[in-house]
Amino acid sequence: MVSALASFVLFLASISIYRTRAAANRWWFAILLTLLGSYLILNVILIASNYFTGDGITDAVIYTVTSSLKGAGVGKYVLPFFGLLAALALIFALLARSLLRRKAKSSSVIYSLIAVLLALFSVGTTPAFQDISLLVKSQIGGDT
């Protein structure tokens, strides 16, 4: 819970710094939007995984997604999935618009770098990223 809160605070801080102090550059915007979009997608994946497993992203989730979705009862979740995709697209569009409507009076590349680093740390501290990292480490270092 603490890492989710810290991740969210870093996410908001990144947006705030970019909007108020960062230099206007397409590369900074693209990098930041990619990282913040990854943050959103990871959290949606975590919410969906928690819905099905109650334990976050586990081996069972990875196995079901990578091998086949047979037996997962996908048919009844098609409509909620498309609704979730539409909501995610709307949030992503609002995020992009928010980042484009900058209010920077005295901008600096340093603040752009800080905003990108905060976004990177927000992705790295999400519980979904941590779950996936632990699964990958256990697969690489384990006997399986």
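What nm value, rounded to one decimal, do you get for the distance between Phe52 and Ser67 when each label is placed 7 Å out toward the C-beta?
1.3 nm
Probe of 1.4 angstrom, ligands and nucleic acids ignored: what's the accessible area per residue over segment 4-127, in square angstrom?
62 Å²
FRET efficiency for Leu94 and Val136, Cβ-Cβ distance as r, R0 = 30 Å, nearest 0.05?
Rounded to the nearest 0.05, the efficiency is 0.45.
Using alpha-carbon pairs under 8 Å, 6+ residues apart, how would you state the relative contact order of the chain in percent?
57 percent
Work out from phi, with θ = phi - 60° and the Karplus expression 6.51 cos²θ - 1.76 cosθ + 1.60, the ³J(HN,Hα) of each residue of segment 107-124, listed in order in whole Hz, and give x for Gly and Pro.
After applying 6.51 cos²θ - 1.76 cosθ + 1.60, I find 9, 8, 5, 4, 5, 5, 5, 4, 4, 5, 5, 5, 5, 5, 5, 5, 5, x Hz.
Taking the Cα centre of each part, how many Å lie between segment 23-47 and segment 90-144?
6 Å
Across segment 92-98, in residue order, what do the Karplus-derived ³J(HN,Hα) couplings come to in whole Hz, using 6.51 cos²θ - 1.76 cosθ + 1.60 with θ = phi - 60° and x for Gly and Pro?
Using θ = phi - 60°, the values come out as 5, 5, 5, 5, 4, 5, 4 Hz.
What angle do you read, to the nearest 10 degrees and between 0 and 90, between the alpha-carbon axis of helix 2-21 and the longest principal axis of the chain?
30 degrees
Could you work out how far helix 26-53 tilts from the main Cα principal axis of the chain, as a 0 to 90 degree angle to the nearest 10?
Once rounded, the angle reads 30 degrees.
Report the one residue of Ala60, Leu36, Val109 whose Cα lies farthest in the direction of the positive end of the charge dipole of the chain (charges on C-beta: Lys and Arg +1, Asp and Glu -1; origin at the Cα centre).
After comparing all options, I get Val109.
The values are calculated or read from the model by the stated rules, or taken from the named source; none is laboratory data. Worth saying up front: this structure is predicted, and the values here are computed from it rather than measured. Using ideal geometry, Cβ is built from the backbone for each residue, glycine included, and neighbour counts are taken over all protein chains shown. Remember, those area values only see protein heavy atoms, side chains included, never the ligands or the DNA or RNA. Shrake-Rupley method; radii C 1.70, N 1.55, O 1.52, S 1.80 Å.
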